[in-house]
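Just so it is clear, none of the values below were taken in a lab; they were calculated from the coordinates. Just so it is clear, the structure is predicted and the values come from calculations on it, not from any experiment. Positions of Cβ are generated from backbone atoms using ideal geometry, with glycine treated the same way; all protein chains shown enter the neighbour counts.
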Amino acid sequence: MLKQGSKAPKIELLDQNGKPWSLATQGKKKILVYFYPKADTPGCTTQSCGLRDIKDEIGRTAIIGISPDKFEKQKKFDDKYELGFPLLADTEHKVAEAFKVWKEKSMYGRKYMGIERSAFLIQEGVVLEAWYKISPADTPKNLLKALGK
């Protein structure tokens, strides 16, 4: 698992508009990268809208959402809730695997692979904070606390 001080894995994915997005091109600003299982589901909507609602409180800190959904589904999710930040399509879950959030899960006795909801505060390629198994409601709270807000 990644922890404070770890080198952040490379992120190069398409955003909800089908345009390439790369962590390496983001400069010195802080970036919250959060992983969610599936766009437009209750928990993911709570998490994403909660982050949208604190955008004005976090200064230059960027918010980036990542799920295994195709970019077209990410676009519908963004349009529906007016999120206003990049949602990246990790359809092959390579970035999720690099961040150690692609896990075996179980629902109603059925086992499957999926995203473990997690968030990471990154600056200049270094993990400042890592929150594995984070609840949707705690994601914005933890970000504000980490930023001293």
Practice problem: Rounded to whole Hz and in sequence order, give me ³J(HN,Hα) for the stretch 32-42 from the Karplus expression 6.51 cos²θ - 1.76 cosθ + 1.60, θ = phi - 60°, writing x for Gly and Pro. | Solution: 8, 9, 10, 9, 10, x, 7, 4, 6, 10, x
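So what is Rg over Rh here for the stretch 72-149, counting just Cα atoms and using Kirkwood for Rh? Show your work: numbers first, answer last.
Values: Rg = 14.4 Å, Rh = 14.6 Å.
Over the Cα atoms of the stretch 72-149, Rg/Rh equals 0.99.
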Quiz prompt | FRET efficiency, 1/(1 + (r/R0)^6) with R0 22 Å, evaluated for Lys145 and Thr46 via beta carbons | solution = 0.75
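Past the 20 Å Cα-Cα mark, which pairs from Lys29/Lys103; Lys28/Lys103; Lys55/Lys141; Lys10/Lys75? If you can, show how the numbers build up before the last one.
Values: Lys29/Lys103 29 Å; Lys28/Lys103 30 Å; Lys55/Lys141 12 Å; Lys10/Lys75 23 Å.
Long pairs (Cα-Cα over 20 Å): Lys29/Lys103; Lys28/Lys103; Lys10/Lys75.
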Quiz prompt | Potential lengthening between Glu72 and Glu104 on full extension [0.36 nm per residue; Cα-Cα distance subtracted] | solution = 9.0 nm
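Relative contact order for the stretch 60-114: what is it in percent, counting Cα pairs under 8 Å that are at least 6 residues apart?
Relative contact order comes out at 30 percent.
When only C-alpha pairs under 8 Å and at least 6 residues apart count, what is the relative contact order of the stretch 33-79, in percent?
Normalised by residue count, the contact order of the stretch 33-79 is 58 percent.
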Quiz item: Which length gain, in nm to one decimal place, applies between Lys133 and Glu12 when the Cα-Cα distance is subtracted from 0.36 nm times their residue separation?
Solution: 41.2 nm
Quiz item: Amide H neighbours of Lys105 under 5 Å, counting only residues 5+ apart in sequence or on other chains, H built in-plane at 1.01 Å?
Solution: Tyr112, Met113, Gly114
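Counting only C-alpha contacts under 8 Å and six or more residues apart, can you give the relative contact order of the chain as a whole percent? It would help to have the intermediate numbers written out before the result.
On the way: 294 pairs, mean separation 49.6, N = 149.
Worked out over the chain, it gives 33 percent.
So for the stretch 1-43, what percent of the C-alpha to C-alpha distances run longer than 17 Å? Can you show the working numbers first?
Details: 436 of 903 pairs.
When every Cα pair of the stretch 1-43 is considered, 48 percent fall beyond 17 Å.
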Self-check item: Reach of Lys100 by Cα under 19 Å, taken over aspartates and glutamates that are not fewer than 8 positions away in the same chain
Solution: Glu12, Asp69, Asp90, Glu92, Glu116, Glu129
Quiz item: Considering the alpha-carbon set of the chain alone, what are its Rg and its Dmax in angstrom?
Solution: 14.2, 45
Self-check item: Amide H within-cut-off set for Leu13, under 5 Å, with H built and near neighbours excluded
Solution: Trp21
Quiz item: Once label points are set 7 Å from the Cα along Cα→Cβ at both Phe85 and Lys55, what is their separation, rounded to one decimal in nm?
Solution: 0.9
Quiz item: Per-residue HN-Hα couplings for the stretch 122-132, Karplus 6.51 cos²θ - 1.76 cosθ + 1.60 at θ = phi - 60°, whole Hz, x for Gly and Pro?
Solution: 10, 9, 6, x, 10, 6, 8, 9, 9, 10, 8
Quiz item: When the Karplus curve 6.51 cos²θ - 1.76 cosθ + 1.60 is applied with θ = phi - 60°, which whole-Hz ³J(HN,Hα) does each residue of the stretch 68-73 get, with x for Gly and Pro?
Solution: x, 5, 5, 5, 5, 5
